[in-house]
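A short worksheet on the structure shown next.
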Amino acid sequence: MMDFTVHGGWPQPLCALPPFAADLAADVDSLLAAHRCTITREHVPRVAREAVILARRFGVDPEAARAAALLHDVGGIVRRADMVALCESLGLPVVPEERQVPMLLHARLSVVLARERYGVTDAATLQAIRFHTTLHAEPAPLDVVVFLADKLEWDQGGVPPYHAELSAALDGGLRAGARWMLAWMATPAARLLIPHPDLRAAWAAFGITSPG
Ligand SMILES: [Fe+2]
Ligand SMILES: [Fe+2]
């Protein structure tokens with residue numbers, strides 16, 4: 001595994017991060033704090049709470065939802081400038097859109113940390129982490145729970161402009177909520193830097209016309 005520089009200027013390999021203390025929420029919080037990810041640190045526990053609420057409401061395993069939500073953005077401790085090189089060194093595929101907007105790789109790196117640091121082996125939990133930003137063509141209910149929790153408790157400050165409409169859409173079920181959110185992400189209001197291929201696949205699967 002290559003050395004890489006994380007926020008705070010620590011050139012060290014992934015495995016040399018401080019040891020995992022025991023409590024997942026506390027450890028993620030201290031890791032984000034140590035890497036000065038202030039916004040994410042505030043965002044993650046909100047997403048975890050929302051994910052558990054959605055999971056209970058829609059018959060999804062709340063523990064898996066909580067774990068995936070706590071870990072979904074932990075890959076953000078890697079500096080954006082290092083994300084492409086790190087993913088390549090780990091043998092992870094990097095698509096052109098990710099090369100253009102490296103932050104799109106944070107979810108892949110969250111999966112690596114979930115597996116390597118936190119010992120998460122459950123494929124469903126790892127998949128929910130992996131696709132939390134975009135969803136994909138055939139999302140499982142757990143994927144949708146984490147995706148929507150991340151959107152309802154977004155990290156852009158305050159309440160998202162779509163909160164009421166998304167909440168109303170969820171009255172029609174988890175898939176209706178996912179469809180509503182994906183459709184909103186196809187509007188100019190979403191101000192997407194670039195649509196990730198996984199998002200395009202989700203739009204196609206949900207019958208949403210992609211912009212541009
Ligand atoms: Fe994220
Ligand atoms: Fe997030």
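The values are calculated or read from the model by the stated rules, or taken from the named source; none is laboratory data. Quantities reported herein were computed from a predicted structural model and do not represent experimental measurements. Because the Cβ atoms are built from the backbone with ideal geometry, glycine has one as well, and the counts that use them run over all protein chains shown. To get the accessible areas, we keep the full protein, side chains included, count just its heavy atoms, and leave off ligands, DNA and RNA. Shrake-Rupley method; radii C 1.70, N 1.55, O 1.52, S 1.80 Å.
Residues in region 4-205 average 45 Å² of solvent-accessible surface per residue, probe 1.4 Å, ligands and nucleic acids excluded. Considering only the other residues whose Cβ falls under 12 Å of the Cβ of Pro139, what net charge follows from Lys and Arg at +1 and Asp and Glu at -1? Here the charged neighbours net out to 0. Determine the sum of side-chain charges near Ala186: Lys and Arg each +1, Asp and Glu each -1, restricted to other residues whose C-beta is under 15 angstrom from that of Ala186. After counting each charged neighbour, the total is +2. Carbon and sulfur: what percent of the chain's accessible surface (1.4 Å probe)? Of the solvent-accessible surface of the chain, carbon and sulfur hold 56 percent.
When the Cα centres of region 76-150 and region 153-212 are compared, how far apart do they sit, in Å? A separation of 18 Å, based on Cα centres. For region 4-205, the relative contact order is 21 percent, taking Cα pairs closer than 8 Å that sit 6 or more residues apart in sequence and dividing their mean separation by the residue count.
Modelled spin labels at Arg49 and Leu192, positioned 7 Å past Cα toward Cβ, are 3.0 nm from each other. Using the Karplus relation 6.51 cos²θ - 1.76 cosθ + 1.60 with θ = phi - 60°, the per-residue 3J(HN,Hα) values for region 89-95 come to 5, 8, x, 8, x, 10, 8 Hz, with x marking Gly and Pro.
When the Cα positions of Leu109, Leu182, Ala123 are compared along the charge dipole of the chain, Leu182 comes out farthest toward the positive end, with charges on each C-beta of Lys, Arg, Asp and Glu. Using 7 Å Cα-to-Cβ label points, what is the Glu97/Ser167 separation (nm, one decimal)? Computed distance between label sites Glu97 and Ser167 equals 3.0 nm.
A viscosity of 0.692 mPa s and a temperature of 37 °C, combined with the Kirkwood radius over Cα pairs in Stokes-Einstein, give a translational diffusion coefficient for the chain of 189 µm²/s. Mean residue ellipticity, 222 nm, helices only, the chain: the sum of -39500 (n - 2.57) across DSSP H runs of n ≥ 4, divided by residue count and rounded to 500, is -16500 deg cm²/dmol.
Each other residue within a Cβ distance under 15 Å of Asp171 adds +1 if Lys or Arg and -1 if Asp or Glu, for a net charge of +2.
Couplings for region 104-112, taken from phi via the Karplus curve 6.51 cos²θ - 1.76 cosθ + 1.60 with θ = phi - 60°, read 4, 7, 4, 5, 4, 6, 4, 4, 4 Hz in order; Gly and Pro are left as x.
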